[in-house]
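Take a look at the structure set out below.
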Amino acid sequence: MIYRVIPVTAFAQNCTIFMCEDTKKAAIIDPGGDVAKIEAALAEMGAVAEKILLTHGHLDHVGGTAELASKHQLPIIGPHKDDGFWIDALAQQVQMFGFAPVEGFAPDQWLNDGDTVQVGNVELNVIHAPGHTPGHVIFYQPEQQLAQVGDVLFNGSIGRTDFPKGNHDDLIHSIREKLFPLGDEVRFIPGHGPESTFGQERRSNPFVSDHRG
Ligand SMILES: [Zn+2]
Ligand SMILES: [Zn+2]
């Protein structure tokens with residue numbers, strides 16, 4: 001599997017393409033906007049888009065979903081149904097984030113902890129990681145030890161929990177009890193900013209390191 005990160009929207013959200021090298025089939029994770037940029041990246045990779053995967057319902061992660069899904073006939077998969085209230089409130093999110101209006105959508109499939117998602121011949125594990133939002137999920141590829149973690153964990157920081165239904169304790173639990181056990185060597189792409197590894201965050205992230213407090 002190869003991947004490409006395309007920062008989209010004014011929030012430089014890390015839309016990520018995961019492509020199976022055998023089949024060229026690809027999943028687009030969190031198409032927050034700038035659909036033309038995402039399409040250009042797919043074309044450069046020689047990728048055939050197969051599905052859209054969503055980590056959570058925030059507008060900077062899902063704003064381009066309806067457009068991309070209808071143009072390319074793609075199923076919309078995820079996040080967990082507990083983020084349904086965010087997706088139902090896209091119009092209010094447009095106001096809150098100061099975006100241009102976007103088309104609403106309904107996911108074709110909600111995801112649960114322990115589900116798997118296929119991208120060509122590659123299998124991704126779904127892990128429910130609430131805290132930033134209640135229905136946040138992450139996508140983990142075990143053979144490559146690579147994860148797309150959305151707004152759960154960042155290089156040197158963690159997701160905000162001051163939005164409706166955010167929960168700081170849940171977020172810390174998700175990171176320390178569900179993400180870190182995947183292994184120190186696991187590399188992750190966060191929803192914003194540079195990549196890191198779980199080991200690096202475990203050593204030095206002031207919010208979740210082994211030595212915090
Ligand atoms: Zn978010
Ligand atoms: Zn975000």
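The values are calculated or read from the model by the stated rules, or taken from the named source; none is laboratory data. Note that this is a predicted model, so its numbers are computed, not measured. With ideal geometry, Cβ positions are generated from the backbone for all residues, glycine too; neighbour counts draw on all protein chains shown. Heavy atoms of the whole protein, side chains included, go into the accessibility calculation; ligands, DNA and RNA do not. Shrake-Rupley method; radii C 1.70, N 1.55, O 1.52, S 1.80 Å.
Applying the selection to the range 11-43, what residues are among the acidic types (Asp, Glu), over 25 Å from Phe99 (Cα atoms) and touching a strand residue (DSSP E or B) at 6+ places or on another chain (Cβ under 8 Å)?
Of all residues in the range 11-43, those among the acidic types (Asp, Glu) come to 21-22, 30, 34, 39.
Restricting the remaining residues to those that are over 25 Å from Phe99 (Cα atoms) gives 21-22.
The one that is among the acidic types (Asp, Glu), over 25 Å from Phe99 (Cα atoms) and touching a strand residue (DSSP E or B) at 6+ places or on another chain (Cβ under 8 Å): Glu21.
Name the pairs whose Cβ atoms lie under 8 Å apart, with the first residue in the range 1-20 and more than 18 Å from Gly57 (Cβ to Cβ) and among the basic types (Lys, Arg), the second assigned to a strand (DSSP E or B) and open to solvent by less than 10 Å² (accessible area, probe 1.4 Å), and 6 or more positions between them or separate chains? Final answer for the pair search is Arg4/Thr16; Arg4/Ile17; Arg4/Met19. Listed by first and then second residue, the pairs with beta-carbon distance under 8 Å, at least 6 apart or on different chains, first residue in the range 159-178 and within 15 Å of ligand 1 (Cβ to nearest atom) and open to solvent by 60 Å² or more (accessible area, probe 1.4 Å), second modelled with pLDDT of 95 or more and acidic (Asp, Glu), are Arg160/Asp151; Lys165/Asp82.
Condition check ((1) within 16 Å of ligand 2 (Cβ to nearest atom); (2) assigned to a strand (DSSP E or B); (3) acidic (Asp, Glu)) across all residues:
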position	(1), (2), (3)
Gln93	yes, no, no
Pro130	yes, no, no
Gln148	yes, yes, no
Phe163	yes, no, no
His173	no, no, no
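Somewhere in the range 96-111, is a residue under 14 Å from the mean Cα position of the chain (by Cα) and within 16 Å of ligand 2 (Cβ to nearest atom)? Checking the range 96-111: not a single residue is under 14 Å from the mean Cα position of the chain (by Cα) and within 16 Å of ligand 2 (Cβ to nearest atom). Within the span defined as the range 145-160, one or more residues are over 14 Å from the mean Cα position of the chain (by Cα) and closer than 17 Å to Thr16 by Cβ. Quick one: in the range 179-196, of everything that is open to solvent by less than 30 Å² (accessible area, probe 1.4 Å) and either of a type in the set (D, E, K, R) or assigned to a strand (DSSP E or B) (or both), which residue is nearest to ligand 1 (Cβ to nearest atom)? So the residue we want is Pro190.
To keep it simple, each residue is scored yes or no on (1) open to solvent by less than 40 Å² (accessible area, probe 1.4 Å); (2) modelled with pLDDT of 95 or more.
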{"site": "Lys81", "(1), (2)": "no, yes"}
{"site": "Pro101", "(1), (2)": "no, no"}
{"site": "Pro107", "(1), (2)": "yes, yes"}
{"site": "Trp110", "(1), (2)": "no, yes"}
{"site": "Gly114", "(1), (2)": "no, yes"}
{"site": "Val117", "(1), (2)": "yes, yes"}
{"site": "Asn121", "(1), (2)": "no, yes"}
